[in-house]
Every structure is written in C-alpha cells, then in structure tokens.
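Step one of this worksheet: look at the structure below.
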Amino acid sequence: MGDFLFAVGLIGLFLGIGIFIYSFFSKKKISRKKVIVGIISAFAAMVCGVTISPPDTEQATTHSTIQSTTTSSTTEDNSSESREKEEQKVKEIAKKKKQAQLEAKKKAEEQKTREEAEKKQQEDKRKAEEQKQAEIAQKTSSAETILAQAEANPTRDNYNSALSAIQAIPGGNQSLANRLANVDSALKANEAAQAEAAKIAEQARQDVAQTQQQNNQETVLITPTGKKYHRMKCGNGSYNTTTLQEAINRGLTPCEKCYGGEVVNYSEEIAPSSTAASTTTVQVGEGPKEVAQRTGITVNQLFNLNGLDPNNFMLYPGQELRIK
C-alpha cells in the first residue's frame, strides 16, 4: 500500500510541477494556488507511502526467504528428476549397448553363414568341374579308340559308332570331328563306287539272264524216241518242235551235226592255256566259254570249281571265279 501511495504521490508531484511551470507561459489563466496545493498533496502522499512501507532489509529478507524456499523445493525436484533422467539414460544406454551387441553377433553369424555357403558353393563347383573334366577325358579316350577302328575299317557301322562317341563328349571335340569327316568322305566315295559297281553288275546280270532266257526259248526239233535235239532235220522220222529249255530239262543232248560240236550245256572240253592265278574276274561280255578259254581250263572245271549248275547259272562282270 505504501508503494502505491508513493507512486501516486510521485506522479502527482511531477504533474503539478509541470502545470505550475506551464502556467507562466500559457495565455489561459491558471490558478497557481490550486497547482501549489496539488503539488503539496502529491508530496504528502509520497511521504505517507514511504512511511507505511516496510524497510528494504526486511523486504529483502522476506523475499530471500521465499526465494530460498522456492529454490530448495525446486532443487529437490530437479535433483529427483535428474536422478530419474540419469537412471533412464543409463538404462537406455545399456539397452542400446545390448541391442548393438546382439546386432553385431547376428551380423557376424550371417557373415559366417554366407562365407560357409560361398565356400561350399565353390567346393561343389570345383568338384563338378573335376568330374566334368574326368568325364570328358574318359569319353574322349573312348571316342579316339572307336574312331581309330573306323579309320582302319571305314564302314558305315563303324562311322556311326564313332559319331555317337564323339557327340557324347561334353562340349564336343573338333579335332576328332575333323578326323571323322575324313572317314565320312572316304566312306561316301567307297559307297559311291560300290553302288556303281553294283549297278553295273545288276545290269550285266539282267543282260545274262535275258540272253539265257532267249537261248532257253530257242525252238529245237526232237523225235519221239530220240535222245538228242536238233536245229534241223537230220534224218528220217517224225520231228516235233519244243523249246531248248524243255529239251534240256528232258535230258536231251545236242546233235553234233546240227550244232557242229558246240554243246549248249557247256559239257565239252576246251583247249587249256597256261595260267598262274588261282582266281579270275569275269569281264564284260564274257560267258563260261570265254572265261574257261582265257584261264586255260574246261567249262566243266569252271563249273565244278565254283559250284555252278551247267543248266542254271549266272555270270556277271566283276564276279570272282576260282580257276584252281
């Protein structure tokens, strides 16, 4: 309350002094007495305010006591809160440390697992590569053996076996494939030559068969009781016509007069000529007579040595015949 009166008096004092000074310069007439009374009243209010206000030391002591109490209470609260925060901070640090240790342990285990998996994968890959190389070596060796047989004896079966063996090699083998290609070329050349020879032989066989058929269809004359067949009538008697094949089938022999000593069943002897070979090859256009004459043996010997039937045989160019 004293402070309030002191403040009001101080304001009134300053205001009164200001009005009093203003009255000397203002054109309006201001009662200086009233102004002086107001100034005195304001001063009195200031004095009263100072009188009823407690001393500064007491006020300071009271304020200090209150502040000390407040500070003590605040300090205790802050200390408790600080301890709680410190404990909480320690717990959080311990928790984070434990979590970090667990994560580090987990990462170490994962790293170890990855390393073991990579090591196992590399080991499996190495074993697979060794097994593959061993398989390649084994199949290559086998293919080389089979290919050597095909090169020594170039047949289609040997070629196919070598081809299968080379194709079975993982990744193939160009060197062996090139060697097999040479075998294939030689084999195709041989097959072409054999096909041509077979074609010529077949044509010759057909020609011989056709000639023989034509000869067998030749018309001859026979008598009911005679033992020979004739090209023309060689005496009195009744003659009938038949085919040469039928006459041969009945066991009749050719008439020497009609055939001039030529025996159709090739049972006659032919003058031999010297020869040193044990076999001969039938040439184009040759029959039993020509072969026998060229090799120096009889037709019967030619038939006997080769197991040919004089009445049913076939010769063709390129055929191998025994002559000894």
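FYI, it's all coordinate maths here, none of it is from the lab. If you're wondering where the values come from, they're calculated on a predicted model, not measured in any experiment. Here the Cβ positions follow ideal geometry from the backbone for every residue, glycine too, while neighbour counts run over all protein chains shown.
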Segment A197-E151, extension gain: residue separation times 0.36 nm, minus the distance between their alpha carbons: 14.3 nm
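Once the other residues with Cβ under 10 Å from the Cβ of P317 are scored (Lys, Arg +1; Asp, Glu -1), what is the net sum?
-1
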Separation of the R231 and Q283 label points, Cα + 7 Å toward Cβ, nm: 2.6 nm
Protection proxy ranking of 173-183, 191-201 - average other beta-carbon atoms within 10 Å, highest first: 173-183, 191-201
Distant-in-sequence amide H partners of T253 (H built 1.01 Å from N, under 5 Å): K228, Y229
Pair V8, E290: separation of 7 Å Cα→Cβ label points (nm): 17.2 nm
Charge tally in the Cβ shell below 14 Å around Q88, where Lys, Arg are +1 and Asp, Glu are -1, Q88 excluded: +1
Gained length - Q131 relative to N182, 0.36 nm times residue gap less alpha-carbon distance: 15.2 nm
Karplus (6.51, -1.76, 1.60) ³J(HN,Hα), θ = phi - 60°, over the range 317-324, in Hz, Gly and Pro reported as x: x, x, 6, 8, 10, 7, 10, 9
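Pairs K228/K289; K199/K324; K85/K105; K97/K120: which are spaced more than 24 Å apart, C-alpha to C-alpha? Numbers along the way, then the final one.
Details: K228/K289 22 Å; K199/K324 29 Å; K85/K105 30 Å; K97/K120 34 Å.
Table pairs above 24 Å Cα-Cα are K199/K324; K85/K105; K97/K120.
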Long-range HN-HN contacts of L308 with modeled amide H, under 5 Å: none
For the range 113-120, 3J(HN,Hα) per residue [Karplus equation, 6.51 cos²θ - 1.76 cosθ + 1.60, θ = phi - 60°, Hz, x = Gly/Pro]: 4, 4, 5, 5, 5, 5, 5, 5
